[in-house]
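Participant: Below are the structure tokens for one structure; questions will follow.
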Amino acid sequence: MVAMFRIRFPPRRIGLLILLVGFMWGVTFLNVTYMNNYSVTPESEKLKNEIINLSEQYVKALARENGEVVDGPYAGRFTAYDLKRTMAVLLESILQRLHQLEFKVNGVINGSISVGNTSQQLATKNQNSQHKMDAKDVIMGKVEKCVLTQEDKQTFPNCEGKLMWMRYMWKSDPCYAQLGVDGTDCSFFMYLSEVEGWCPRKPWQGKRANVSPEVTNYAKHRSDLNGLMKLLVDPNERKGYAFIRQRITRMWPEWVKGIQSLAKKPGFDTRPIKKVIVHLGLLTKQTGFKIAEMQFKGGPLGELVQWSDLIATLYLLGHQLTITSEVEQLSGILSKLPSAGAPCQNRKDLPIDLMYTDIVGLRQFRKKVQGGYAKFSCLLRVVDSFGTEPAFNHKNYAKTHKILSVWGGQDLKPQQFFTMFPHTPDNSFMGFVVDRYLPDDKNTSKIERKNQGLVYGKQEYMWQGHANYLSLIRNHVEIHGTVSIGDDNKRDVVPPFVINHGIMGGEELHRLLRQTKIFIGMGFPYEGPAPLEAIANGAVFLNPSFNPPHNSQNNKFFKGKPTLRSVSSQHPYAESFIGEPYVYTIDMKNSQLVEKTVAKILSTSKFESYLPFEYTQEGMLQRMNAYLEHQNFCMFQRQPTKWPPPNAVKAFLADAGMSCKEYCYSKDLICEPSYFLVINTKAEFESRDVKCSSETYESDIYHPSVDVGKVCRLQKDEMLFSCAGEKENVRRLCPCRTYMKGQTALCATCT
């Protein structure tokens, strides 16, 4: 709801004014009478307190009701401004008198002050208070100064242009006048700040002018599984949600424990509820992926795992959830969005607050929203397993540098992409929950750990070329597999010594992991959930390293992916964030190292389970709740970054040739892209004893930076701020933040 700037005073307001004058006289009379005779009986004391309390409550309520009325001498004719400013003076005077009366009475009764000193103390208090425009200023004819300061122009770069447009075009649609615009700069300013958000909010009649609260309903956490299952009804009986329903149901008790623990944190019950759409583009018929058909036949489940956990998280956190997996469903929802060209747009009235989708769903969104992709794309959160770096996301930059692919060029803010693992801080880390299937109880503790290894690879092609590597490991342990063999039942690439169990169900597979000592990686698939599941079940992961690292330049799998990231092993997260004794990263081609490592694992490891907090139910709930509370990509203007808090972020001048991601990590910190805008100034370089020979604004992924010639290059295009960018002989200015151990997405002081 938007505050109306012009408010007419009906005749009843005149009566109210008369009552206020009478009330004001009564308060004055009570003040004088009481102070002349302050010997009171208990009954009169009770009545006195009741009169004062009720009077103060009434006046405060009346002040609140009229406090948001925004008007002034510049607001046009017939606005009853004179009456309103008179009421403002009366209200202010009444409140002041009530406070004085209460102050005096309490002082006399308690003997803490003398009556003669009351006025002096109040005057001293008022002198010490910060001056602000009050009712007396208004009645003397003072008006608000509606001007943009130089700081305003830097923080809200679009405001000045919007003000100029309003001067000429405010009569182009009657909706502007209905919202209080009357042709004055102050009315333009207020509309652009309060309604459309292009300009800063300014103090108005001594306080900030606020519109009505954007959200009055709060999200209440839920634990009703049946309510969620009703949302997961497949519209076309394709059983596309079968795996998701099954996974959520099996893990529900742990989800409930997680939300109950998180709900105990301060402030959890005051979270605004959000209208959220989850659109699974990968399951739509139009894709031809047949993921729904292959979900129980050895097909890729990594994406479905992430979607399952996202849906459970949003539901448990108490948000209003709509789930779609067909384009027709999405079209019906998007048809409710206002036309992109409609005037007087207020984002609070949109039918959705957020939409989680994937790249396929993003394309469908782009086609279906009526000419408003640029305007409504800020609502999107894109589930993106491998991530999208700024260089690939920026369409014009990617075209110019010939790196544009079918997955890139989306022109979103990089943090709108949500990844499976914390690949690059440029994107947001969503993650998933590691499913342990079997609880740690007496029954599972009886499962005997055998001298066996289990190979990570469900499809036959993953086994090609690895017979010698597996033979070395076979010298120490019995090798098992869960390979999907073709209809001809041939085993051309799976060595005959492998005991193959075929595709196994969840509980059956996890029981096998509990019996296994070594989970054997063969280099592919990259970064799946299975190694974390194995580690959580007590098996040690043998993680193949890559030299040189795999990337889009030397590996077909990464060609076309919107990232220049180089993968140093099959599972970089396990290598960097877990490590020994749960993960051993080795060169598969080094025979001696392979056998030596396997022997070390078998002789020293205790085979204890390990699970990082960020991959637990509570960890994911905590992380996603923080994103929902603090991330806002629909702010048109630059605003001071408030999250993560400034005390968690510090800027550094990186070594030459290093990316901010690498440099921050070397300091046991994480690059924080939302603070690039804050440090993108010449002053930041000078504060680090860098004397800039010149200062330029350029558009590239390496800025802000300084080169060997001391040329300080500031970022011209905010969409190209990048933690990943690096260049030889260039020192980057990097914002680095702290992080919680076991929760890398959140700073040490973030909750």
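No value in this document is a laboratory result; all are computed from the given coordinates. Please read these numbers as outputs of a predicted model, since none were measured by experiment. Using ideal geometry, Cβ is built from the backbone for each residue, glycine included, and neighbour counts are taken over all protein chains shown.
Participant: Out of residues 5 or more away from residue 748 or on other chains, whose amide H comes under 5 Å of its own, with H placed 1.01 Å from N in the peptide plane?
Facilitator: 738, 739, 740
Participant: Considering only Cα-Cα distances, which of the following residue pairs are longer than 26 Å: 285/561; 153/682; 413/661; 399/727; 274/375; 162/661?
Facilitator: 162/661
Participant: Among 175, 671, rank each residue by its count of other Cβ atoms within 10 Å, from fewest to most, as a rough exposure measure.
Facilitator: 175, 671
Participant: A further question on this structure: Just add up the charged neighbours of residue 731: K/R +1, D/E -1, any other residue whose Cβ is under 9 Å from the Cβ of residue 731. Let's see the in-between values first.
Facilitator: Values: positive: 732; negative: 655, 707.
Here the charged neighbours net out to -1.
Participant: Modelled label-to-label distance, residue 600 and residue 557, 7 Å Cα→beta-carbon offset: nm?
Facilitator: Inter-label distance under the simple model: 2.4 nm.
Participant: A further question on this structure: According to a simple spin-label model (label point 7 Å from Cα along Cα-to-Cβ), what is the distance in nm between residue 173 and residue 158?
Facilitator: The modelled label-to-label distance comes out at 1.5 nm.
Participant: Going by how many other Cβ atoms sit within 10 Å of their own, how do 184, 604 line up, fewest first? Display every interim value, and only then the final one.
Facilitator: Values: 184 18, 604 9.
In increasing order of surrounding Cβ atoms, one gets 604, 184.
Participant: I need 325, 335, 722, 609 ordered by Cβ neighbour count within 10 Å, fewest first.
Facilitator: Lowest to highest Cβ neighbour count: 335, 609, 325, 722.
Participant: Same structure again: How many angstrom separate the Cα center of the range 648-708 from the Cα center of the range 361-398?
Facilitator: The range 648-708 and the range 361-398 have Cα centres spaced 27 Å from each other.
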